[in-house]
Amino acid sequence: MSDPLAVIAALPGVPEAVEEARRAVDGLYRHRVLRRASPTVSAESSLRGARASAAIEGVDVPLDELRQGSVEDPVVQGALRASAELGRLGITWRKAPRQVLARLHTVAAAGLTDSLGRPRTPDEELAARLESLFGLLEAPTKAPALVLAAVVHAELAVLRPFGTADGVVARSAERLTLVEYGLDPKSLVAVEVGHLELPYADGLRAYLSGSPEGVATWVRHCAAAVTLGVRETTAICEALQRG
């Protein structure tokens, strides 16, 4: 049986980048603060991740304003709702990805469109690529979770299956994949912050080229985003430790 993700995982530079990210996550999980405050850290990571995801869409607001609940922008609110929804969607992600994506779009795109949770009318290529993506979520693979998460993210971002809020949905689906496929089971890593700090659009353009080099560039980008997300979450842990 073919394993396309394993092929991607073996592309130049990918194994090293993925291993570096995995080591960073492992180091984060050993932080002493997590023994007593893991839910607090996860909640703060989710908040920062939602802020970063909205910023990538062009709506950059300070964290303090988010905490005060004073931001009414629909993109920001959609990112916050999608982030909050992830904890309820995990067990469904492997078995019914269409249902999960529809729910993520419903919460992410409220206030932006009336077609909530309904994909735009697909052409043949879009339908085929979505089916292939759903197949990857269900099929066994020897590839690391990070590789699957990178492909999920990129496919949703470039295919734009809904036509609105696709970027927020794509980044939420990446985080959900990292959680449910075992790299970050407690949803601690603020991977969206990493994407904000990196040349995000350039990475997606590389993937869109379809070349092995372009795909490898994108997966390495996602690995770097995880590593930077670990740095962000480590800062949260250090702040809690200082009290």
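The values are calculated or read from the model by the stated rules, or taken from the named source; none is laboratory data. Because the structure is a prediction, the values reported are computed rather than measured. All Cβ positions, glycine included, derive from the backbone under ideal geometry; neighbour counts span all protein chains shown. Surface accessibility is based on the protein's heavy atoms, side chains included, excluding ligands, DNA and RNA. Shrake-Rupley method; radii C 1.70, N 1.55, O 1.52, S 1.80 Å.
Residue by residue through the stretch 162-214, note down the ones that are at positive phi and touching a residue at least 40 places away in the same chain (Cβ under 8 Å).
Step one: of the stretch 162-214, the residues at positive phi are 163, 165, 182, 187, 210.
Passing the criteria: GLY163, ALA165, SER187.
Within the bounds of the stretch 190-203, is there any residue that is open to solvent by less than 30 Å² (accessible area, probe 1.4 Å), in contact with a Phe, Trp or Tyr (Cβ under 8 Å, 6 or more places away or on another chain) and assigned to a helix (DSSP H, G or I)?
yes
Counting only residues that are open to solvent by 20 Å² or more (accessible area, probe 1.4 Å), in a helix (DSSP H, G or I) and touching a helix residue (DSSP H, G or I) at 6+ places or on another chain (Cβ under 6 Å), how many does the stretch 21-46 have?
Result for the stretch 21-46: 3.
Looking only at residues that are assigned to a helix (DSSP H, G or I) and among the hydroxyl-bearing types (Ser, Thr, Tyr) in the stretch 204-237, which one is least open to solvent (accessible area, probe 1.4 Å)?
Residue satisfying both the conditions and the ranking: THR233.
So which residues in the stretch 47-74 are more than 15 Å from GLY229 (Cβ to Cβ), part of a helix (DSSP H, G or I) and open to solvent by less than 70 Å² (accessible area, probe 1.4 Å), if there are any at all?
Step one: of the stretch 47-74, the residues more than 15 Å from GLY229 (Cβ to Cβ) are 54, 57-74.
Filter once more, keeping what is part of a helix (DSSP H, G or I): 54, 63-68, 74.
Once the filter is applied, which keeps residues that are more than 15 Å from GLY229 (Cβ to Cβ), part of a helix (DSSP H, G or I) and open to solvent by less than 70 Å² (accessible area, probe 1.4 Å), the stretch 47-74 yields ALA54, LEU63, LEU66, PRO74.
Does ALA150 satisfy the criteria of being without any contact (Cβ under 8 Å) to a residue 40 or more places away in the chain, over 15 Å from ARG94 (Cβ atoms), assigned to a helix (DSSP H, G or I) and out of contact with any Pro (no Cβ under 7 Å at 6 or more places or on another chain)?
On the way: without any contact (Cβ under 8 Å) to a residue 40 or more places away in the chain: no; over 15 Å from ARG94 (Cβ atoms): yes; assigned to a helix (DSSP H, G or I): yes; out of contact with any Pro (no Cβ under 7 Å at 6 or more places or on another chain): yes.
The answer is no for ALA150.
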